[in-house]
Structure formats: structure tokens, C-alpha cells
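Note sheet for the following structure.
Nothing in this text is a laboratory measurement; each read-out follows from the coordinates by a stated rule. This is a predicted model, so every value here is computed, not measured. Neighbour counts are summed over all protein chains in view; Cβ atoms, including those assigned to glycine, are modelled from backbone coordinates with ideal geometry.
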Amino acid sequence: MPTRRVLRLLLLTGLAVVALIVRQWAYVTTYKIPFLDVTPVLQERVESGESVYFPDDSHLNERGLAVVAETVANFLQDRAIQ
């Protein structure tokens, strides 16, 4: 069982990450910077039974990296960004 200190640190770290994401989203929205969130694509693949992460890990495996690469390529092509 983690100590209260460890749990508090995890909570504060999580809140800091959320705050960073909110600030980044506000920035790209304000300045109309193209932004791609690959989370929905990865989530869809996981829900369909496809393995895109290493077992017992949050890092992308080879298939997951290929899905991200394909998603980014489509994003750039759709916007004629080269």
C-alpha cells in the first residue's frame, strides 16, 4: 500500500499533467494551430481487440507506433502539410 506522501505526490503530478494539457489546448485553440489527439484512434483499436501497447505497460508496441504514424500521415495529408 502506497504511503500518503506517495499518493499525494501522484495526485499532484496528475493534476499538473492535466493543467499542462489544458494550457496547451488553450494555446493551440487560441492561435489556430493544427492539433492531433491520437487517443481516440488508439482507444478504438484497443476496444476492437487490437494490441497496440506492450503487455502490462503504457508504452506503444510496434503496432501502436504504426497506428500513430498512419494517423499522423493522414492528418498531414488532409491539411496538405508537408
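Figures for the structure shown
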quantity: The chain - Kirkwood radius from inverse mean 1/r over Cα pairs (Å); calculated: 15.4 Å
quantity: Among VAL41, TYR53, VAL72 the positive-end extreme of the charge dipole of the range 36-82 (Cβ point charges); calculated: VAL72
quantity: For the range 36-82, the Rg and Dmax computed from alpha carbons only, in angstrom; calculated: 11.6, 38
